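Taken together, the values in this text are just the output of simple stated rules run on the coordinates, not laboratory data. Not measured: the values here are computed from a predicted model. Note: ideal-geometry Cβ built from the backbone for every residue, glycine included; neighbour counts use all protein chains shown.
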Amino acid sequence: MDVLINRICAKAGISEDTAKEAVGIILRFLHKDGPTDKVEQVIDAIPGARDLLDNGGEKSGGFLGSLASMTGMGAMGALNELTNAGLSMGEVQTVTREVVDYAKEVAGEDLVEDIISSIPGLSQVV
């Protein structure tokens with residue numbers, strides 16, 4: 001996880017805490033909206049992702065993020081949580097691309113592409 005967080009901090013110019021929060025938001029979104037078996041493979045391939053996923057749920061999004069999660073707003077809910085965490089739209093794109101690129105490196109490009117194509121609208125973001 002440190003490798004991914006360091007890459008995100010360097011490319012997006014954000015703090016380590018914000019980067020961890022953003023990765024947690026993205027992982028929770030994928031876990032909730034993606035094909036479970038494939039997302040689990042990616043989570044298991046990223047060192048520290050399971051811990052971040054299991055321990056990061058209570059911090060992000062505030063009321064609107066919680067409401068989005070409860071109502072299944074998918075990508076829009078995740079975007080709301082990322083902006084509530086203090087990320088600009090440019091930073092959201094940078095963080096998302098870094099997570100995707102890293103996941104492809106450690107879990108395989110085909111697996112990650114299958115996940116992206118299974119979530120409506122996600123391919124337009126990454």
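Given +1 on the Cβ of Lys and Arg, -1 on the Cβ of Asp and Glu, and no further charges, what dipole in debye does the chain carry about its Cα centre, rounded to the nearest 20?
On the way: 10 positive and 20 negative charges, 67 e Å.
I would put it at about 320 debye.
Positive end of the charge dipole of the chain (Lys, Arg +1 and Asp, Glu -1 on Cβ, about the Cα centre): tell me which of Q93, A49, G24 has its Cα farthest that way.
The Cα lying farthest towards the positive end belongs to Q93.
With the calculation restricted to Cα positions, what are the radius of gyration and Dmax of the chain in angstrom?
13.0, 36
Defining a contact as two alpha carbons under 8 Å apart and six or more residues distant in sequence, what relative contact order in percent does the chain show?
Details: 130 pairs, mean separation 40.2, N = 126.
So the answer I get is 32 percent.
If you count, for each residue, the other Cβ atoms within 10 Å and average over each peptide, how do 74-85, 44-55 line up from highest to lowest?
74-85, 44-55
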